[in-house]
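Q: Let me begin by handing over the structure; questions about it come next.
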Amino acid sequence: MSGGLRISRDKETGVAVLTLDRPARLNAIDVETATELASAWRAFRFDDTVRAVVLTGAGERAFCTGLDRAAEVPQPDSPFMVDDPLLRIGPKANDLWKPVVAAVRGMACGGAFYLLGEAEFVVADETATFFDPHTTYGMVSAYESVYMAHRMPYGEAARMALMGTAERMSARRAHDIGLVSELTAPGEALAAAVRCAEAVAACPPEGVQGTVRALWTAHEAARAHAFAQAPHLISLGNLPPDRQADLFSARRPDGFRTR
């Protein structure tokens, strides 16, 4: 697949590896890549040779840093119709019930949580860090916070969302609170995630996919209700784009602590 994704399939094990392949942009997602992600998940639905998927990012610096700030996303003049191009980038948003394991190296922030929030579990190496920059730049963390509130204790999700760029959660802390299920040495997260995916893919797919659907159902109603509130919260709470850009240009890349 061209553009911002790279996909490999191992028909013997039934595992596909989907790689965000924009390392020069820290694997940020532009509109084209968002479209490719949705197409990839939907293609996996019809590919019986794929029984599990590993999702990762190219390079050493980042798994994904959310929406590319260079992306142009026109918006309707209504708080009830905010167009979020990341809402369709995840497997569940595209009705894929095959298991997805995320392998994280480096930064995972902001819109990366749309992907992590729809993975079954996360494997990370010791270089991984997690943070949500929205509030620093005058933006509401709506969908991201909803996803993370279902993946970690409320206080941890709130701290991440509200601290903005002032703080990053270490891979070890993420493992301690359950956001990360397995912690590996640097550079070994992808191999560990593939091993997990191979074990799952070796099970009968009907039972696996039914279990994925059951797990998602446990939180689906609450998530859908929260998502319904997000568009007007974003519309009411976000600063104008030019003011966001001013705050972004004034950022201090090294002005954070890691815990």
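Q: MET152 versus (1) hydrophobic (A, V, I, L, M, F, W, C); (2) over 27 Å from ALA245 (Cβ atoms); (3) in contact (Cβ under 8 Å) with a residue 40 or more places away in the chain; (4) part of a loop (DSSP other than H, G, I, E, B): which is the lone unmet condition?
A: Going through (1) hydrophobic (A, V, I, L, M, F, W, C); (2) over 27 Å from ALA245 (Cβ atoms); (3) in contact (Cβ under 8 Å) with a residue 40 or more places away in the chain; (4) part of a loop (DSSP other than H, G, I, E, B) one by one, MET152 breaks only (3).
Q: Cβ-Cβ below 7 Å, separation at least six or inter-chain, first residue in segment 12-27 and in contact (Cβ under 8 Å) with a residue 24 or more places away in the chain and hydroxyl-bearing (Ser, Thr, Tyr), second surrounded by fewer than 20 Cβ atoms within 10 Å (Cβ to Cβ) and part of a loop (DSSP other than H, G, I, E, B): which pairs?
A: THR19/ALA58
Q: Moving on. Any idea which of ARG151, ARG105, ARG159 is within 13 Å of the chain's Cα centre (by Cα), of a type outside the set (A, V, I, L, M) and surrounded by fewer than 22 Cβ atoms within 10 Å (Cβ to Cβ)? First the steps, then the outcome.
A: Values: ARG105 fails: surrounded by fewer than 22 Cβ atoms within 10 Å (Cβ to Cβ); ARG159 fails: within 13 Å of the chain's Cα centre (by Cα).
Going through ARG151, ARG105, ARG159 in turn, the sole match is ARG151.
Q: Can you confirm whether segment 30-52 contains a residue that is touching a residue at least 60 places away in the same chain (Cβ under 8 Å) and among the β-branched types (Val, Ile, Thr)?
A: No, the conditions are met nowhere in segment 30-52.
Q: Let me ask another. How many residues does segment 89-102 hold that are crowded, with 16+ Cβ neighbours inside 10 Å and part of a loop (DSSP other than H, G, I, E, B)?
A: 7
Q: Which of (1) assigned to a loop (DSSP other than H, G, I, E, B); (2) farther than 24 Å from ARG151 by Cα; (3) acidic (Asp, Glu); (4) touching a strand residue (DSSP E or B) at 6+ places or on another chain (Cβ under 9 Å) does ASP48 not meet, given it meets every other one?
A: Condition (4) is where ASP48 drops out.
Q: Of SER235, SER181, which residue is hydroxyl-bearing (Ser, Thr, Tyr), within 30 Å of VAL53 (Cβ to Cβ), touching a residue at least 24 places away in the same chain (Cβ under 8 Å) and out of contact with any Asp or Glu (no Cβ under 6 Å at 6 or more places or on another chain)?
A: Values: SER235 fails: within 30 Å of VAL53 (Cβ to Cβ).
After applying the criteria, what remains is SER181.
Q: Just for segment 241-259: of the residues that are part of a loop (DSSP other than H, G, I, E, B) and modelled with pLDDT of 90 or more, which one is surrounded by the most Cβ atoms within 10 Å (Cβ to Cβ)? Lay out the reasoning, then the answer.
A: Filtering segment 241-259 for residues part of a loop (DSSP other than H, G, I, E, B) gives 250-256, 259.
Next, only the ones that are modelled with pLDDT of 90 or more stay: 256, 259.
Values: PHE256: 18, ARG259: 12.
Among residues in segment 241-259 that are part of a loop (DSSP other than H, G, I, E, B) and modelled with pLDDT of 90 or more, the one surrounded by the most Cβ atoms within 10 Å (Cβ to Cβ) is PHE256.
Q: GLU167 - would you say it is within 24 Å of ASP254 (Cβ to Cβ), surrounded by fewer than 19 Cβ atoms within 10 Å (Cβ to Cβ) and not basic (Lys, Arg)? Outline the logic, then answer.
A: Details: within 24 Å of ASP254 (Cβ to Cβ): yes; surrounded by fewer than 19 Cβ atoms within 10 Å (Cβ to Cβ): yes; not basic (Lys, Arg): yes.
So GLU167 fits the description; yes.
Q: With the requirement that a residue be over 17 Å from GLU182 (Cα atoms) and either assigned to a loop (DSSP other than H, G, I, E, B) or charged (D, E, K, R) (or both), what does segment 104-117 give you?
A: To start, the set of residues in segment 104-117 that are over 17 Å from GLU182 (Cα atoms) comprises 109-115.
GLY110, GLY111 - these are the residues of segment 104-117 that are over 17 Å from GLU182 (Cα atoms) and either assigned to a loop (DSSP other than H, G, I, E, B) or charged (D, E, K, R) (or both).
Q: If you don't mind, another one. Only one of these conditions is not met by PHE121: (1) surrounded by 23 or more Cβ atoms within 10 Å (Cβ to Cβ); (2) within 13 Å of the chain's Cα centre (by Cα); (3) not β-branched (Val, Ile, Thr). Which number is it?
A: (1)
The values are calculated or read from the model by the stated rules, or taken from the named source; none is laboratory data. Source: prediction; values computed, not measured. We place every Cβ from the backbone using ideal geometry, glycine too, and count neighbours over all the protein chains shown.
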